[in-house]
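Q: I'd like to ask you about the structure that follows.
The values are calculated or read from the model by the stated rules, or taken from the named source; none is laboratory data. The shown structure was predicted, so the numbers you read here are calculated from the model rather than taken from an experiment. Note that we place each Cβ from the backbone using ideal geometry, even for glycine, and neighbour counts take in every protein chain shown. SASA here: full protein model, heavy atoms, side chains in, ligands and nucleic acids out. Shrake-Rupley method; radii C 1.70, N 1.55, O 1.52, S 1.80 Å.
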Amino acid sequence: MNVLMIGSGGREHALIKKLLESPRLEKLYCAPGNGGISRDAICENISVMDKEHMIRFAQDKKIDMVFVAPDDPLADGMVDAFEAVNIPAFGPNAKAAVIEASKVFSKDLMKKYNIPTAKYEVIDNANDAIKYIQEQNEFPVVIKADGLALGKGVIIAESFEDAKNAVHTIMEDKKFGDSGNKVVIEEFLTGPEVSVLSFTDGKTVKPMVSSKDHKRAYDNDKGLNTGGMGTISPNPYYSDEMAELCQKTIFEPTIKAMQSEGRAFKGCLYFGLMLTSKGPKVIEYNARFGDPEAQVVLPRLKTDLIDIMEAVIAERLDNINIEWFNDAAACVVMASGGYPESYKKDIEITGLDDNGQVDGAIVYHAGTVYKDNKFYTNGGRVLGVTATAPTLENALEKAYKAVSKIKFDNAHYRTDIGKTK
Ligand code: AMP
Ligand code: GLY
């Protein structure tokens, strides 16, 4: 099998490393990839949004299967484009990817099919939004841009003043562009958060092992929301009973709902859950592997990923047994100082070997480039330093030990991954 991975982050590097374990793999390509990925796969500098170029490249290299990892190309129909030229592609088509691309769509879907989620209102202009918030007069209140915003389009406002500013930022200053044409204003929920990624072929849904993301930039859950600063798997708050309840009240109803809407979802569907005192509720859906959730879930996957991709694409997921390793996993993200706002690039990274790795851990590269036999920073989230061990505590210890060996100017990472709710 020749496989093409589309994307360039830590998640894609984790997928690449898993694909390399498959005895069925012949050649592995990645477009555009990054510094670390270039040590593991043949990288080609094609924009993830350039469908025509991607297809030409895939045809030229006789690609047997494509993996579309990021949200933007999925929402834009990259999978549809490959299907149209008969190249199997893993991921939802554009019609199904809307479950992530529009929060208005996903909230309305949950309401229609009785899938538990926070109470909400959709509003399409700033004045009405502010009026609604004033009338509700309940704080904190959650304000979400409708469209994609790199995981940063959600603002939790503690006061009316903050809420007003958030509405202005999203709907008038258009901080997230057209993603802020509408907002979802939502009830604030509390409880532990759980990420459950699942494989689904549109009919059957098989959850992967659970994980927990740490979204805030700084220790003790302070600072802005980021794409994710670190993860652990399994999630200590997610019991077997909870998993069973979620399967019945959330996972299966969602797959059925998408089918009923004529938007059968094939690929990896990510359930962002909150375990509230009134039961588990959906905070968000993502149409793809989470980043950095993939970095702790995939090292635990025992079954051949190519076999699973094939089963999903052929709609015979019910026929495959997916197995997992018992070891726990932890990932600590090393970011550029200033992320998720402004940060410098092109800073030399030391402490990595020629392949961008350190002993005792797996280093997934997110924002790096490889030049003259050295690695340099090239993004906000730079590395996802991951370790597995029989206990979560040991996995965290190993990951932090590896982090301590890696240096770059102004590096920032959280020191409390696995320790907060
Ligand atoms: P989202 O992009 O929708 O996952 O939101 C980002 C983060 O904001 C979530 O991981 C939660 O920590 C938080 N959040 C989103 N919606 C709510 C809510 N209704 N109540 C409390 N926290 C929320
Ligand atoms: N880590 C959260 C996400 O990928 O959306």
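Q: When you scan segment 290-299, do you find a residue that is within 16 Å of ligand 1 (Cβ to nearest atom), over 21 Å from the mean Cα position of the chain (by Cα), open to solvent by less than 30 Å² (accessible area, probe 1.4 Å) and small (Gly, Ala, Ser), even just one?
A: Looking through segment 290-299, none of the residues is within 16 Å of ligand 1 (Cβ to nearest atom), over 21 Å from the mean Cα position of the chain (by Cα), open to solvent by less than 30 Å² (accessible area, probe 1.4 Å) and small (Gly, Ala, Ser).
Q: For segment 190-210, which residues satisfy the criterion of being closer than 19 Å to LYS281 by Cα, away from ligand 1 (no atom under 16 Å from the Cβ) and either charged (D, E, K, R) or open to solvent by 30 Å² or more (accessible area, probe 1.4 Å) (or both)?
A: Of everything in segment 190-210, those that are closer than 19 Å to LYS281 by Cα, away from ligand 1 (no atom under 16 Å from the Cβ) and either charged (D, E, K, R) or open to solvent by 30 Å² or more (accessible area, probe 1.4 Å) (or both) turn out to be LYS206, PRO207.
Q: Residues of segment 340-369 being open to solvent by 20 Å² or more (accessible area, probe 1.4 Å), closer than 18 Å to ASP409 by Cβ and either of a type outside the set (A, V, I, L, M, F, W, C) or in contact with a helix residue (DSSP H, G or I) (Cβ under 9 Å, 6 or more places away or on another chain) (or both), which ones?
A: GLU341, SER342, TYR343, LYS344, LYS345, ASP346, GLU348, THR350, GLY351, ALA366, VAL369
Q: Inspect all residues belonging to segment 269-283 and state whether any of them is of a type in the set (D, E, K, R) and closer than 27 Å to VAL312 by Cβ. Reasoning before the result, please.
A: Start the filter on segment 269-283 by keeping residues that are of a type in the set (D, E, K, R), which leaves 278, 281.
Filter again for closer than 27 Å to VAL312 by Cβ, leaving 281.
Yes, some residue in segment 269-283 is of a type in the set (D, E, K, R) and closer than 27 Å to VAL312 by Cβ.
Q: Would you mention how many residues in segment 124-143 are closer than 25 Å to LEU224 by Cβ and either open to solvent by less than 100 Å² (accessible area, probe 1.4 Å) or among the hydroxyl-bearing types (Ser, Thr, Tyr) (or both)?
A: 11
Q: Among what's in segment 76-125 and is hydroxyl-bearing (Ser, Thr, Tyr) and out of contact with any strand residue (DSSP E or B) (no Cβ under 8 Å at 6 or more places or on another chain), pick the residue that is nearest to LEU148 (Cα to Cα).
A: Narrowing segment 76-125 to residues hydroxyl-bearing (Ser, Thr, Tyr): 102, 106, 113, 117, 120.
Narrowing the set further to residues that are out of contact with any strand residue (DSSP E or B) (no Cβ under 8 Å at 6 or more places or on another chain) leaves 102, 113.
Details: SER102: 7, TYR113: 23 Å.
Checked segment 76-125; the qualifying residue nearest to LEU148 (Cα to Cα) is SER102.
Q: Also: Filtering segment 149-189 down to residues that are touching a helix residue (DSSP H, G or I) at 6+ places or on another chain (Cβ under 7 Å) and of a type in the set (Val, Ile, Thr), which residue is most open to solvent (accessible area, probe 1.4 Å)?
A: As a first pass, look at segment 149-189 and keep what is touching a helix residue (DSSP H, G or I) at 6+ places or on another chain (Cβ under 7 Å): 149, 153, 155, 157, 160, 163-164, 167-168, 170-172, 174-176, 180, 182-185.
This time we only want the ones that are of a type in the set (Val, Ile, Thr), so: 155, 167, 170, 183-185.
Working: ILE155: 49, VAL167: 0, ILE170: 0, VAL183: 0, VAL184: 1, ILE185: 4 Å².
By that ranking, first place goes to ILE155.
Q: Which ranges mark the helices (runs of 4 or more DSSP H) fully within segment 70-182 that have 3 or more residues being among the polar types (S, T, N, Q)? Steps first, answer last, please.
A: Values: elements: 71-75, 78-84, 94-101, 103-112, 126-136, 160-167.
In segment 70-182, the matching helices (runs of 4 or more DSSP H) lie at 126-136.
Q: While we're on this one: Counting just the residues of segment 399-419 that are outside any loop (DSSP other than H, G, I, E, B) and among the hydrophobic types (A, V, I, L, M, F, W, C), which one comes out surrounded by the fewest Cβ atoms within 10 Å (Cβ to Cβ)?
A: Only one residue tops the list, namely ALA411.
Q: Filter segment 370-394 down to residues that are farther than 22 Å from HIS412 by Cβ and hydrophobic (A, V, I, L, M, F, W, C) and give me whichever is most open to solvent (accessible area, probe 1.4 Å).
A: Per the criteria, the residue is LEU392.
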